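Have a look at the structure below before the remarks.
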Amino acid sequence: MEHLRLSGLRYPDLVFGVMDSIANAVSDHCEPKIIPDLSIRNIDGKCLIVLNVFPGTMRPYYLRSKGILRGTYIRIGSTTRPAEPCMVKDLILEGENRYFDKEICRELIVNEEDINQLCAQMKEVALRNTWNEHEKAQIRPLTRNHLLSWGILKEEGDQIVATNAFGLLTGRLPEQPVIQCAVFKGNTRAYFIDRREFAGSIQEQIEAAYQYVLLKINVGMKVNGIYREDVYELPTQSIRELIANAVVHRSYNDPGKIQIALYDDRLEVTSPGMLLNGISIQKMKEGYTKLRNPAIAEACAYMKIIEKWGSGIPRLFQECKEYGLPEPELIDFEGDFRVNMYRNNPLLMGREQYIDPTQVNGNPTQASGNPTQASGNSTQASGNSTQDSGNPTQANGKRQLNAGETAVLNILRDNPSLSQKRIAERLNWKVDRVKYYLNTLKRKKAVERVGSSQKGFWKINERAEEGEKD
C-alpha cells in the first residue's frame with residue numbers, strides 16, 4: 001500500500017483566508033451554486049483543510065464557463081468523464097423531478113378509439129398473466145381516468161394528449177425502442193449462433209424476448225409419477241423479471257437498445273442508463289428501488305408483468321440460490337446497467353437429463369426456423385425446438401406428440417375448460433411449463449382455444465388424438 005505524507009499548511013495563520021478562497025472558487029465556477037462544507041483538522045500537529053461536497057438535488061451541476069452540455073461530468077469507476085448528451089437529459093429530468101415517460105409526445109395524436117383499444121389490450125394482458133380465477137375476477141377494466149392518473153395521458157386545456165408512455169405501450173413512439181437478442185458461441189461476442197430483434201409495444205417485446213430465451217436455454221427432465229416434468233436450467237420467473245426490469249427502468253433518452261445475450265456460461269441482460277441518484281447495487285440487493293419511468297411501471301404492474309416494490313432483484317438472488325447457481329452479478333458501467341445470471345446448474349446436472357435445444361441426435365436444428373416472430377402484434381413460439389416446422393408429422397401423416405404434450409392433452413380431455421393454473425396444479429408443474437406445452441400443441445394444431453381466456457375452453461383436434469394413441 002502506498003504511504004502518503006501529510007504536509008499541512010505552511011502558514012497556519014492563513015488557514016481562514018485559504019478556506020474562503022476555496023469556497024469562492026467552487027461557488028463562482030459551478031452552476032447551480034455549490035456551497036462546500038469546509039473544516040479544519042489537526043493531524044500529527046499539522047493543520048489540514050477538509051472539503052466535503054454533499055450530493056445535491058438540483059442536478060446536473062456543471063462548469064459555468066463550459067455550459068451545461070460541455071461542462072457536465074460524471075464519475076465512471078475511478079475516472080471523471082464528460083457526460084453524454086443523453087445523460088445530461090436524464091440529469092435535467094431528475095433534477096426537475098420530471099420523467100421521460102410522462103412527458104407529452106407532440107408527434108402522437110390520439111382519439112377515444114385509441115384510448116379504449118389500449119385499455120382493452122392492457123386488460124387482456126393482465127388476464128393472460130393471472131392464473132388464479134379469483135384474482136382474474138378482481139382485475140378492473142381500465143378507463144381513460146386510470147391512464148390520466150398514471151401519466152399515460154395528460155389533460156391540456158380541454159384536450160386529452162398522449163405522453164411518451166402511451167407511445168411505448170402502443171408501439172407508436174416516433175423512435176420506438178427495440179430489444180436485441182442473440183446466442184453466442186463460447187463466453188465472448190466473437191461468434192454468434194443466432195440473433196433476433198423484437199419490435200412492437202414494450203409489453204409485446206418483453207414476452208417475445210422471454211419466449212426467445214426459453215427456446216434457447218437447456219431443458220432438463222425428471223420423472224414425477226407417470227409424467228415427465230421439464231426443468232429449465234435457469235429460473236424462468238427470474239428471466240422474465242430481468243427482461244421486464246430492463247424495459248421499465250431503462251433510460252429512454254439513451255438511443256441504445258436493450259441487449260439480451262446468451263453465452264455458454266451466462267445469460268446477460270444490458271439496459272441503457274446509469275443508476276439514478278441515491279441508488280446503489282447494495283441497495284438494490286436489499287430491495288430498494290427508485291422509478292425512472294413511473295407511468296410504465298404502473299402499467300406493467302397492472303398487466304402483472306412486474307412487481308412495483310423492488311422485489312425483483314432479491315427474488316433473483318433467492319431463486320438462483322435455490323437452483324444451486326452462482327450468485328448473479330450486477331454491474332453499473334459506462335452509463336449502462338447489466339445483470340449476469342450464470343448457467344450450469346450443479347444441483348440438476350447429472351440427476352436429470354439436459355437437452356440442448358440447438359442439438360437433436362447430434363444434428364443442429366434449423367437456426368432460422370423462426371422460433372419467435374418479431375412483430376408488433378404477437379409472439380410466436382415454435383412447436384418444439386427440435387423440429388423444423390410448426391406442424392411436424394410422423395411417417396404415417398399423424399402428429400407426433402411428446403410426453404409433456406400428451407400429459408396436458410390427457411388433462412384437457414377430462415376437463416377442457418380448466419385454466420392453466422389448474423392444469424399446473426394437477427400435473428404438479430409450474431404454470432410456465434403448462435403455457436409452453438399449450439403453445440407447442442397450438443403450433444402443431446393439436447388444440448385450439450375457443451372463446452375468451454376467462455369463459456372459453458380447449459378444443460382437441462381428433463387427428464391429434466389418433467396420432468398420440470398410435
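Would you confirm, using the coordinates I've provided, whether Ser65 is surrounded by fewer than 17 Cβ atoms within 10 Å (Cβ to Cβ), modelled with pLDDT under 85 and either out of contact with any Cys (no Cβ under 6 Å at 6 or more places or on another chain) or hydrophobic (A, V, I, L, M, F, W, C) (or both)? Criteria not met by Ser65. Among all residues of region 165-176, there is at least one that is at pLDDT 90 or above and in contact with a Lys or Arg (Cβ under 9 Å, 6 or more places away or on another chain). Candidates in region 139-151 are the residues that are out of contact with any Lys or Arg (no Cβ under 7 Å at 6 or more places or on another chain) and loosely packed, with under 12 Cβ neighbours inside 10 Å; of these, the one that is nearest to Ile306 (Cα to Cα) is Arg140. Within region 238-281, the set of residues being at pLDDT below 90 and either within 16 Å of Pro328 (Cα to Cα) or of a type in the set (Lys, Arg) (or both) comprises Ser280, Ile281.
For region 82-128, a residue qualifies if it is modelled with pLDDT of 90 or more, in a helix (DSSP H, G or I) and over 24 Å from the mean Cα position of the chain (by Cα), and the qualifying residues are Glu112, Glu113, Asp114, Ile115, Asn116, Gln117. All of Arg195, Arg172 fail the test of being touching a residue at least 60 places away in the same chain (Cβ under 8 Å), open to solvent by 40 Å² or more (accessible area, probe 1.4 Å) and among the charged types (D, E, K, R), apart from Arg172. Among the candidates Lys123, Lys136, which residue alone is closer than 30 Å to Arg433 by Cα, in contact (Cβ under 8 Å) with a residue 12 or more places away in the chain, open to solvent by less than 40 Å² (accessible area, probe 1.4 Å) and among the charged types (D, E, K, R)? Only one candidate passes the filter, namely Lys136. Remark: Asn145 falls outside the filter, which requires a residue to be touching a Leu at 6+ places or on another chain (Cβ under 7 Å) and not hydrophobic (A, V, I, L, M, F, W, C).
In region 152-165, the condition of being within 30 Å of Arg422 (Cα to Cα) and either touching a Cys at 6+ places or on another chain (Cβ under 7 Å) or open to solvent by 20 Å² or more (accessible area, probe 1.4 Å) (or both) is met by no residue.
The set of residues in region 19-44 that are open to solvent by less than 90 Å² (accessible area, probe 1.4 Å) and in a strand (DSSP E or B) comprises Cys30, Glu31, Asp37, Leu38, Ser39, Ile40, Ile43.
Within region 206-219, does at least one residue satisfy the condition of being within 30 Å of Thr57 (Cα to Cα), open to solvent by 30 Å² or more (accessible area, probe 1.4 Å) and assigned to a helix (DSSP H, G or I)? No, region 206-219 contains no residue that is within 30 Å of Thr57 (Cα to Cα), open to solvent by 30 Å² or more (accessible area, probe 1.4 Å) and assigned to a helix (DSSP H, G or I).
Where strands (runs of 3 or more DSSP E) sit wholly within region 264-349, those with at least 3 residues that are open to solvent by 40 Å² or more (accessible area, probe 1.4 Å) occupy 329-333, 336-342.
Output the residue which, of all residues in region 81-100 that are touching a Phe, Trp or Tyr at 6+ places or on another chain (Cβ under 7 Å) and open to solvent by 80 Å² or more (accessible area, probe 1.4 Å), is nearest to Asn253 (Cα to Cα).
Across region 81-100, the extreme among qualifying residues is Pro82.
Counting only helices (runs of 4 or more DSSP H) wholly contained in region 384-470, the ones carrying 1 or more residues that are closer than 29 Å to Ile305 by Cα and at pLDDT 80 or above occupy 403-414, 420-427, 431-443.
The values are calculated or read from the model by the stated rules, or taken from the named source; none is laboratory data. Please read these numbers as outputs of a predicted model, since none were measured by experiment. Please note: Cβ atoms are built from the backbone with ideal geometry, for glycine as well, and neighbour counts cover all protein chains shown. Accessible surface is based on the protein model in full, side chains and every heavy atom, while ligands, DNA and RNA are left aside. Shrake-Rupley method; radii C 1.70, N 1.55, O 1.52, S 1.80 Å.
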